[in-house]
Amino acid sequence: MKKFLVLLADGFEEIEALTPVDYLRRAGIEVDTASITEQLQVTGSHKITVLADKLLKDVTVDDYEGIYLPGGLPGATNLRDNDTVIELVQAFNQQEKLVTAICAAPIVLEKAGVIDGKNVTSFPSFSDELTSVKHYVDGEIVVTDGNIVTGRGAAIAIYESFKIIELLLGRAAVEKLKEGIQQDKVEAFYQFEA
């Protein structure tokens with residue numbers, strides 16, 4: 001079974017953190033959440049407290065196919081300012097495992113030096129902080145460049161989760177999940193309304 005890691009720092013954006021946990025698990029991918037503090041309890045930017053599966057100090061890169069970093073403030077800056085997180089992101093990248101981030105969290109990838117010369121996106125107000133990228137992509141909601149996957153913001157968490165599932169399990173797994181959660185009905189409704 002494929003296994004993925006989601007890091008949680010105080011101030012994480014709840015939708016961005018928990019959507020991939022839920023969707024990847026629905027698709028049959030085992031997911032561990034890891035608190036970057038010394039406590040399993042982590043509180044999001046909207047004051048929702050969750051219980052992580054493990055602590056960052058107990059994470060081993062070899063156990064996972066990839067890592068996901070949610071945005072939110074100050075969650076993304078807490079991730080960026082944690083040296084162990086930076087080392088972990090670098091280790092995942094060195095092993096060419098998936099390194100994924102959304103919203104403000106690509107600032108973590110910038111500090112880790114893993115998006116040098118890559119095409120990425122983020123929440124628009126963080127684009128100026130991504131100085132090492134090859135091209136900042138403003139017109140797409142999810143951008144994949146090699147093993148790096150980045151997304152724009154909370155409403156995109158669904159689609160970034162789909163991309164991770166596609167990369168790990170294939171397109172058929174995404175279609176099965178979309179059917180199970182009625183995503184096709186939502187997309188049809190909004191295309192009709194637009």
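Each value in this text was obtained by applying a stated rule to the coordinates, not by laboratory testing. Every value quoted in this text rests on a predicted model; they were computed, and no experiment measured them. FYI the Cβ positions are ideal-geometry reconstructions off the backbone, even for glycines, and counts take in every protein chain you see.
Note on the range 140-194: the alpha carbon radius of gyration divided by the globular reference 2.2 N^0.38 Å gives 1.20. Bridging of LYS176 to aspartates and glutamates at a Cα separation below 13 Å is possible for GLU166, ASP184, once same-chain residues fewer than 8 apart are set aside.
Local charge for ARG152 was computed over the other residues whose Cβ lies under 11 Å away, with Lys and Arg +1 and Asp and Glu -1, and equals -4. In a reduced charge model with +1 at each Lys and Arg Cβ and -1 at each Asp and Glu Cβ, the chain shows a dipole moment near 300 debye about its Cα centre. Each Cα pair under 8 Å and six or more residues apart adds its separation to the average, and for the range 123-194 the resulting relative contact order is 17 percent. Using the alpha carbons alone, the radius of gyration of the range 65-194 stands to its Kirkwood radius in an Rg to Rh ratio of 1.00.
Here the calculated FRET efficiency for SER132 and ILE181, from their Cβ-Cβ distance with R0 = 41 Å, stands at 0.70, rounded to the nearest 0.05. Over all projection directions, the Cα-based convex hull of the range 11-116 averages an area of 6.1 nm². With the highest mean first, a sort of the peptides 6-17, 78-89 on other beta-carbon atoms found within 10 angstrom per residue produces 6-17, 78-89.
At an R0 of 41 angstrom, the distance between the Cβ atoms of TYR190 and GLU30 translates into a FRET efficiency of 0.80. When Lys and Arg each count +1 and Asp and Glu each count -1, what net charge do the other residues less than 12 Å away from LYS134, Cβ to Cβ, add up to? Once positives and negatives cancel, what remains is -1. Placing unit charges on the Cβ atoms only, positive for Lys and Arg and negative for Asp and Glu, gives the range 151-194 a dipole magnitude near 120 debye about its Cα centre. A simple packing score, the average count of other Cβ atoms within 10 Å per residue, orders the peptides 176-182, 93-99, 105-111 as 105-111, 93-99, 176-182, with the highest score first. Please identify every one of the trypsin sites (Lys or Arg not before Pro) in the range 22-60 that sits in a loop by DSSP and has no more than 10 other beta carbons within 10 Å of its own beta carbon. Filter output for the range 22-60: LYS47.
Couplings for the range 21-29, taken from phi via the Karplus curve 6.51 cos²θ - 1.76 cosθ + 1.60 with θ = phi - 60°, read 4, 5, 5, 5, 5, 4, 7, x, 9 Hz in order; Gly and Pro are left as x. For the range 1-120, lysine pairs separated by 8 or more sequence positions, or belonging to different chains, with Cα-Cα distances below 27 Å total 17.
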